[in-house]
Amino acid sequence: MSTCQQTRHDAGIEVRHATPGDADGIAALFDRVYQGGYHLAECTDPETVRRAVASQDRLWMLALAAGTIVGSAMARHVPGDARYELGRAAVDQDYRGRPDVRAMSKVLLRDTVRRPDCGLLYCEVRSEIARRMVAREMPGCCWTGADGGMHVVMGEREEHLFGMAFNPERTVTRIAPPRSVVLPGSPVAREAGRLGSVAHTGDYPARIAAPGESQYTHESGSGQVSYSVFEPSRAAVVSAVEGDTPGDVRRVLWEIIDGAAPSKVEHLTLHALADKLPVIEELCRPDREDPARRFALRGYLPGWHKDDGARYDCVTLTAQSSEQIPNRHGLDAQIEQVYRSFPPGLR
């Protein structure tokens, strides 16, 4: 579907791809829905929205009523790993749950899986209502992780549930680690089994972290870490880390939270390749003086990292200094099921 092609539905709802001319209306929608508390400039700053809509790495769908944008959803390509993130969603209160508005998500999903660079889709949902909507529109979505309270929305830290699916129009082969951190028969094990990929065991790349966007690099006597920062949430995501020993990796990562970053970081996320058990176990080990000073295993990501044509499993590890208990918006049971799927000493 081209960006100018439109699909009309009954009750006056129009579903179509966004154009740069929609930037002001998109920003106004997010301001209304999130009461000025949504901090991603690509959804709230009209000029940034314009650039994002015009880029080739995003598919952006809108729902309009009488010419006013009442719904928005986006798929964003993650360079290098053939992954698409589904999100940046907002729907005006009066239009939520309507089938003609839900068509926006269906068209977005249909067009995303048709892209030749789409091997995996993922999303993070912030409420049970959102989880049910994703499960309805994308029945192959499997819930295998959470973010440990990474996001701050409207001034409050939130914990979001992670879901993923392989492209149903592709045959995906992934390399599983020789020893898994997922407990047999656990909820995450069952969810991962629904993904439908062809799994083999084999050697993994030497790197520790799955690559991603990188803004900064910090180097010390313990090692080197590259990462990006999302300042409104006081959060950072690691894209590369090196150290001579697992203890060195632990130390250089904690230096980011301890003040090495250019702005305050309270929450740090590492997507580690799943075969790096010595590093994973060291990061999750409680500190002798401060037992809370540790990472926790928060998710399992089958086939997350693509390297030389193969896909490798990863795990989500998070550490935080904030003592604020995140709001789960009705997702307590689902998130706790995820965490119970990992050994007690790691979760």
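The values are calculated or read from the model by the stated rules, or taken from the named source; none is laboratory data. Keep in mind the model is a prediction, meaning the values are calculated, not measured. No Cβ is skipped: glycine too gets one built from the backbone with ideal geometry, and neighbour counts run over all protein chains shown. Remember, those area values only see protein heavy atoms, side chains included, never the ligands or the DNA or RNA. Shrake-Rupley method; radii C 1.70, N 1.55, O 1.52, S 1.80 Å.
Here is a list: 92, 100. Which entry is touching a Leu at 6+ places or on another chain (Cβ under 8 Å) and among the acidic types (Asp, Glu)? Being touching a Leu at 6+ places or on another chain (Cβ under 8 Å) and among the acidic types (Asp, Glu) holds for just one of 92, 100, which is 92. Of all residues in the stretch 75-99, those that are within 20 Å of the chain's Cα centre (by Cα) and in a loop (DSSP other than H, G, I, E, B) total 4. When the stretch 216-225 is filtered for residues that are closer than 9 Å to residue 242 by Cβ and either open to solvent by less than 20 Å² (accessible area, probe 1.4 Å) or part of a loop (DSSP other than H, G, I, E, B) (or both), the ones remaining, listed by number, are 223, 225. Considering the stretch 114-142, the residues that are part of a helix (DSSP H, G or I) and in contact with a strand residue (DSSP E or B) (Cβ under 7 Å, 6 or more places away or on another chain) include one that is nearest to residue 331 (Cα to Cα), namely 131.
What helices (runs of 4 or more DSSP H) completely inside the stretch 18-67 contain at least 3 residues that are of a type in the set (Gly, Ala, Ser)? Explain how you work it out, then say what you get.
Values: elements: 23-33, 41-44, 46-54.
Output list reads 23-33.
One line per residue, one yes/no per condition, for (1) of a type in the set (Lys, Arg); (2) farther than 19 Å from residue 304 by Cα; (3) in contact with a Pro (Cβ under 7 Å, 6 or more places away or on another chain):
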{"position": "65", "(1), (2), (3)": "no, yes, no"}
{"position": "86", "(1), (2), (3)": "no, no, no"}
{"position": "98", "(1), (2), (3)": "yes, yes, no"}
{"position": "101", "(1), (2), (3)": "no, yes, no"}
{"position": "108", "(1), (2), (3)": "no, yes, no"}
{"position": "111", "(1), (2), (3)": "no, yes, no"}
{"position": "114", "(1), (2), (3)": "yes, yes, no"}
{"position": "120", "(1), (2), (3)": "no, no, no"}
{"position": "143", "(1), (2), (3)": "no, no, no"}
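Scanning the stretch 57-73 for residues that are surrounded by 22 or more Cβ atoms within 10 Å (Cβ to Cβ) and without any contact (Cβ under 8 Å) to a residue 40 or more places away in the chain yields one hit, 73. Among the residues of the stretch 137-154, those identified as surrounded by fewer than 17 Cβ atoms within 10 Å (Cβ to Cβ) and in contact (Cβ under 8 Å) with a residue 24 or more places away in the chain are 140, 154. Exactly one residue out of 191, 128, 158, 124 is within 14 Å of the chain's Cα centre (by Cα) and open to solvent by less than 60 Å² (accessible area, probe 1.4 Å): that is 158. Among the residues of the stretch 312-347, the ones that are among the basic types (Lys, Arg) and modelled with pLDDT under 95 come to 0 in all.
Would you confirm, using the coordinates I've provided, whether residue 102 is open to solvent by 10 Å² or more (accessible area, probe 1.4 Å), modelled with pLDDT under 90 and either outside any strand (DSSP E or B) or touching a helix residue (DSSP H, G or I) at 6+ places or on another chain (Cβ under 7 Å) (or both)? Quick ask: steps written out before the conclusion?
Working: open to solvent by 10 Å² or more (accessible area, probe 1.4 Å): yes; modelled with pLDDT under 90: yes; either outside any strand (DSSP E or B) or touching a helix residue (DSSP H, G or I) at 6+ places or on another chain (Cβ under 7 Å) (or both): yes.
So residue 102 fits the description; yes.
Suppose the filter is free of Cβ contacts under 8 Å to residues at least 24 places away in the same chain, under 19 Å from the mean Cα position of the chain (by Cα) and over 14 Å from residue 181 (Cβ atoms); does residue 289 pass it? It is false that residue 289 is free of Cβ contacts under 8 Å to residues at least 24 places away in the same chain, under 19 Å from the mean Cα position of the chain (by Cα) and over 14 Å from residue 181 (Cβ atoms).
For residue 118, are the conditions met, namely being under 25 Å from residue 32 (Cα atoms) and open to solvent by less than 40 Å² (accessible area, probe 1.4 Å)? Steps first, please.
Numbers: under 25 Å from residue 32 (Cα atoms): no; open to solvent by less than 40 Å² (accessible area, probe 1.4 Å): yes.
Considered against the rule, which asks whether it is under 25 Å from residue 32 (Cα atoms) and open to solvent by less than 40 Å² (accessible area, probe 1.4 Å), residue 118 comes out as no.
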